[in-house]
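These notes are about the structure you will find just below.
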Amino acid sequence: MPMPNCEYIEHLENPRCEVTNEIASFWERIGVSVDAGPSSEQIIKALKRCQEWSRDDRMRLGYLVIFSGFIEGRKYSSATQASLARLVMDLERFENYPWGRVAFKVLMDSLRAKDFTKSYTVDGFI
């Protein structure tokens, strides 16, 4: 059983990921500007037309589903963080990234600004 990656990463939420022609091509295939991360809405549209894509591109799209729906958990039409979403281009790096730490930080950041003197419901995946 593999151990989770708990190593410290300097720029956890903003990893360095150079925009290459491969990234630009994949983002164009999804229908997203290279400067933006895809929204769940755009990913779902891409799922309907990915049957002829390569195995790796379909895997990348599947990882984007997990990233947008479970790790970031943003609104359906809101773009994900491009720097993190671009990690799907290197499948091994994406698979070994400490996503639990990212998800926990996203959750904590979303709760920091809330007024808990009233009732509060946490949306998304927990």
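Every number in this text was worked out from the coordinates using simple rules, so none of it is lab data. No experiment lies behind these values; they were computed from the predicted model shown. So basically every Cβ, Gly included, is an ideal-geometry build from the backbone, and we count neighbours across all protein chains shown.
Descriptive notes on the structure:
- Among the GluC sites (Glu not before Pro) in region 15-115, those placed in a DSSP loop whose Cβ has at most 15 other Cβ atoms within 10 Å are Glu18, Glu52.
- Annotation for region 48-124: trypsin sites (Lys or Arg not before Pro) lying in DSSP loop with at most 13 further Cβ atoms inside 10 Å of their Cβ are Lys48, Arg49, Lys75, Lys114, Lys118.
- Difference of contour (0.36 nm per residue) and Cα-Cα distance, Glu22 to Lys114: 29.1 nm
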